[in-house]
Each structure stands twice: as C-alpha cells, then as structure tokens.
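Notes follow once the structure below has been shown.
The values are calculated or read from the model by the stated rules, or taken from the named source; none is laboratory data. The model shown is predicted, which means the values in this text are computed figures rather than measured ones. Here the Cβ is made from the backbone with ideal geometry for all residues, glycine too, and neighbour counts use every protein chain on show. For accessibility, only protein heavy atoms count, side chains too; no ligands or nucleic acids. Shrake-Rupley method; radii C 1.70, N 1.55, O 1.52, S 1.80 Å.
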Amino acid sequence: MTTTHVARAVTTTRGPLLYARSRALPLTVAALAGTAAFAVWAAGRLDAYLDPDRRVPIVALAPLLASAVIGASLYSASDELDRTAVRPWWPRRLAQLAALTALAALLLTPAVLGHPETFGPPAVLRNTLGCTGLTATAAVLLGARLSWLPAFGYVTAVYLGSTTAHGRAATVWAWPTQPGAQPGAWAAALTAFVVGATLYAVRGARPEGSRG
C-alpha cells in the first residue's frame, strides 16, 4: 500500500471521529442519557403510571431539556474552516441533528411507556422533534450557545398558559402539551423540525463572534 493510500485510509477513519470530538458529541450523548435518567426518575416521583395526565410535565419539559443539550452540540469552534472545506458540510450537519434527535426520543421513551393515545411515546417523539427544530432554527439565528432560549421561553409559556386553551387552534400553538394523537400538534412540531433542520443543514450555526 502506498503512502497516499495510507494517508487516505487514516483520513477516512479519523474524519468522523474528529468531527464527533469537535462537536463534543460524546459529552452530548452522555448529557442526553442523564436527561433521560432524570425524566424516568421524575415520572416515578409523579406517580405518572397511575394517571397519564400527570405525565404532562415530563412530556413537555424533558424534550425541551434534551433539545437544549442538542443545541449546544451545534456549536463549531472552526466556522471559517468549515465554510472553506472542499466537501459540503450539510450532510454531516443533517446527520448529526437527525441522529441526536432520534437518540433523545429513544432515551426519553422509558419515562412514558404505555398510554400511547394520550401522553405516551408518540407525544415525546413529537415534542422532541418540535423542540429540536426550534433550537436548530435559533442556532442559525442566534448561535448555538443561545439556541436553547427561544424554545425554553415558548414551551414554558405554553406549559403555564395552555390549561385554559381549548379548540382546534390550541392543538397547533399549544402542541407541547397536547396528547400524542392530535394532528394539529403533529403538523406544528413536524413543521418546526423540518424548518430548523433545513436551515441548520444549509447554513450551520451562527458564528459566536458575529453579533453586533
């Protein structure tokens, strides 16, 4: 094997590993696991297995925390190098976001097993998609370090104010607190994820030093 072939093999092998380390993905995965463990513990404290409606705090807030963790991983310490790379970055960005979102939804599921028609795994999956979409959009507009802020403000406001909301429109704007089978809630969350994932894949997170 020639020196060129060896160099290419090393680059191919180390490329994904270097990308994962540059985005702190091992730490992100560990933080997602910790978030899931906290959600399972909180669900037990709320006796959520007795009444599915007691899961609303878990269904609304656990995906929010997970999306904040994912948002932090969208930061790039070498934005200028990324923009001048020969290979396009959007497939890696999209793969990173999709994989972390899927992992977060999978890890959070044990906290809400059962009752899929109300506040079960479908609701957690929907909220993970929606919250991550909002966070990804904020990463493009504000930067990764502040990407958690808009989703936190929105979901918190909905959680505190949606108890008196009724009607078809409420299933759309109050999607974080809706049961798992609401079509309007799914449409809103999926739209948020598609928009956020597309923006982040195409543009990446806003450089932290570009404000002002």
Using the heavy atoms of the protein chains alone and a 1.4 angstrom probe, what is the accessible area of the stretch 97-212 per residue in square angstrom?
45 Å²
Counted charge near ARG55, where neighbours are those whose Cβ lies closer than 13 Å (Asp, Glu -1; Lys, Arg +1)
-2
Wrap a convex hull around the Cα atoms of the stretch 16-203, take a quarter of its surface area, and give that in square nanometres.
10.1 nm²
What nm value, rounded to one decimal, do you get for the distance between ALA33 and TRP90 when each label is placed 7 Å out toward the C-beta?
3.4 nm
Quick check: with the 1.4 Å probe, what order do PHE152, PHE193 take by accessible area, largest first?
PHE152, PHE193
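Please give the FRET efficiency for ALA42 paired with THR156, using the beta carbon to beta carbon distance and R0 = 25 Å, rounded to the nearest 0.05.
Numbers: r = 16 Å, r/R0 = 0.65.
That gives a FRET efficiency of 0.95.
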To the nearest 0.05, what FRET efficiency results for LEU113 and THR191 with a Förster distance of 30 Å applied to their C-beta separation?
0.65
